[in-house]
1. Show me 133-140, 62-69 ranked by packing, highest mean number of other Cβ atoms within 10 Å first.
2. How far is it, in nm, from the label point at Lys67 to the one at Asp48 when both lie 7 Å from their Cα along the line to the Cβ?
3. According to the square roots a ≥ b ≥ c of the eigenvalues of the Cα gyration tensor, what is the shape class of region 105-258, taking rounded for a/c under 1.5, prolate for a/b larger than b/c otherwise, and oblate for the remainder?
4. Taking springs between alpha-carbon atoms closer than 10 angstrom, which of Glu117, Glu154, Glu144 fluctuates most in the Gaussian network model of the chain?
5. Which of the trypsin sites (Lys or Arg not before Pro) found in region 92-145 are in a DSSP loop and have at most 16 neighbouring Cβ atoms, other than their own, within 10 Å?
6. Kindly identify the chain as rounded, prolate or oblate by the Cα gyration tensor criterion: order the square roots of the eigenvalues as a ≥ b ≥ c, call it rounded if a/c is under 1.5, otherwise compare a/b with b/c, prolate if a/b is larger, else oblate.
7. At most 16 other Cβ atoms within 10 Å and a DSSP loop assignment: could you name the trypsin sites (Lys or Arg not before Pro) in region 217-259 that fit?
8. For Lys259, list long-range residues whose amide hydrogen, built 1.01 Å from N in the peptide plane, is under 5 Å from its own amide hydrogen.
Amino acid sequence: MIVLLTGFILFAGCTGEKSESTQKGKIIGIEPGAGIMQKTEDAIRDYDLDYNLVSSSSAGMASELTKAVNSGKWIVVTGWSPHWKFARFDLKYLDDPKGVYGGDEDICALTRVGFEEDNPGAYGILTRFNWSPEEMASVMLAIEEGKEPEVAAEDYLNAHPEQLSAWTGSASGDGSLVTIGYVLWDSEIASTNVLKLVFERAGYTVKLVAVDAGPLYQAVSKGDVDCTISAWLPVTHSTYMEKYGDDLVIAGTILSGAKIGLVVPDYVTISSIDELNSVKEKFQ
Ligand code: PBE
């Protein structure tokens with residue numbers, strides 16, 4: 001009897017949970033380690049959203065978004081800019097009155113402790129490398145349209161010789177090795193490939209190491225890689241900076257005016273995260 005009763009309660013519990021979760025709205029996310037995923041969990045809590053965050057990948061999110069826009073369906077995704085999706089589709093950020101996603105973000109260059117002393121020329125390049133959201137987005141779009149990242153980077157530098165010479169300055173690598181860690185987000189695939197080529201044009205040998213965000217911060221803090229330009233600060237990667245910030249060096253800002261948040265197509269008629277609960281049946 002006890003066994004039967006327990007079985008019944010478990011069964012009822014599972015059924016209850018299932019029907020509740022099918023009523024929840026869906027936010028299409030990306031890789032679990034991304035800062036925007038942590039901030040979206042915060043948003044679900046702070047705005048008391050009756051939504052599940054579905055993890056996916058950057059490419060998976062983009063393909064869900066493409067499918068939805070092509071059929072006029074409502075969709076809400078974890079979004080960021082610079083990103084080619086804003087050139088491809090009419091999209092908007094939902095207002096975030098509680099400021100969970102922060103405001104303007106900087107994308108920063110981080111290095112291991114001691115890198116500046118070991119390789120001042122390469123460190124100098126990291127302090128000078130700086131471009132606009134539009135410039136970064138142009139490389140992302142070229143990659144999205146089918147160019148190999150290396151080719152998109154090469155085309156970009158050929159078209160911007162003044163940036164190349166400003167960034168390299170008088171640095172001269174003499175073949176010395178620089179290891180750059182990065183995460184396979186579209187934005188960082190673009191920027192890291194450009195940086196790699198800048199180093200190579202200045203005479204360095206570059207090794208790229210692609211890892212998730214958490215392992216990347218750990219690798220820079222332990223000195224397993226020399227540097228990264230995948231750091232979004234101060235909000236997006238705040239938890240990683242709290243954990244690893246004391247053991248790494250911020251060499252400079254490579255881009256100002258980046259942004260993260262919840263993104264919907266323009267035809268979605270709400271404008272704020274506050275309103276999501278009232279239309280959750282449209283986001284399933
Ligand atoms: N992103 C792109 C990253 C930073 C760069 C917004 C997906 C993140 O959320 O951690």
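1. On the way: 133-140: 20.1, 62-69: 17.2.
Going by the mean number of other Cβ atoms within 10 Å, highest first, we get 133-140, 62-69.
2. Calculated label separation equals 3.3 nm.
3. Oblate is the answer for region 105-258, as a/c is 1.5 or above yet b/c matches or exceeds a/b.
4. Glu117
5. Details: sites: Lys92, Lys98, Arg112, Arg128; in loops: Lys98.
Counting only loop positions with at most 16 other Cβ atoms within 10 Å, the trypsin sites (Lys or Arg not before Pro) in region 92-145 are Lys98.
6. Values: a/c = 2.52, a/b = 1.78, b/c = 1.42.
Judged from the Cα gyration tensor, the chain comes out prolate (a/c at least 1.5, a/b above b/c).
7. Values: sites: Lys222, Lys243, Lys259; in loops: none.
Passing both the DSSP loop test and the Cβ count: no residue.
8. Result for Lys259 returns Ser81, Glu105.
The values are calculated or read from the model by the stated rules, or taken from the named source; none is laboratory data. In this text, all values refer to a predicted model and were calculated from it rather than measured experimentally. Glycine also receives a Cβ, built like all others from the backbone with ideal geometry; neighbour counts cover every protein chain displayed. Note: accessible area is taken over every heavy atom of the protein model, side chains too, but ligands, DNA and RNA are not part of it. Shrake-Rupley method; radii C 1.70, N 1.55, O 1.52, S 1.80 Å.
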